[in-house]
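Structure record follows, encoded as structure tokens.
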Amino acid sequence: MSLVDTLKGLVGKGKDAAAKNADKINDAVDKTGDFIDNKTKGKYTDKIEKGKEAAKKVVPPEQPGKPGPQA
């Protein structure tokens, strides 16, 4: 197995993990954006909102039918 194959496998696992936890990732993005907005006292609200939306676009949508993480 070459290094390239190994890296492709890791990328695939990362995408699967992100898809299984899309809701948690999006919640974290919202909380982080709100925290930063609060700390900057609303001075950069528009930029923070744009950043939050951009971050949410790169998170793969949750895949129905795939089991989520076990509790």
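The values are calculated or read from the model by the stated rules, or taken from the named source; none is laboratory data. Bear in mind that the values here come from a model prediction, so they are computed numbers and not experimental data. Note that each Cβ is placed from the backbone with ideal geometry, even for glycine, and that neighbours are counted across all protein chains shown.
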Hey, does the range 23-41 have a residue that's outside any helix (DSSP H, G or I) and in contact (Cβ under 8 Å) with a residue 24 or more places away in the chain?
-> no
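Out of Ala28, Ala55, Ala71, which single residue is at pLDDT below 90 and small (Gly, Ala, Ser)?
Working: Ala28 fails: at pLDDT below 90; Ala55 fails: at pLDDT below 90.
Testing whether each residue is at pLDDT below 90 and small (Gly, Ala, Ser) leaves just Ala71.
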Any idea how many residues of the range 1-21 are not small (Gly, Ala, Ser) and not in a helix (DSSP H, G or I)?
-> 2
So which residues in the range 14-25 are surrounded by 13 or more Cβ atoms within 10 Å (Cβ to Cβ) and more than 11 Å from Glu62 (Cα to Cα), if there are any at all?
-> none
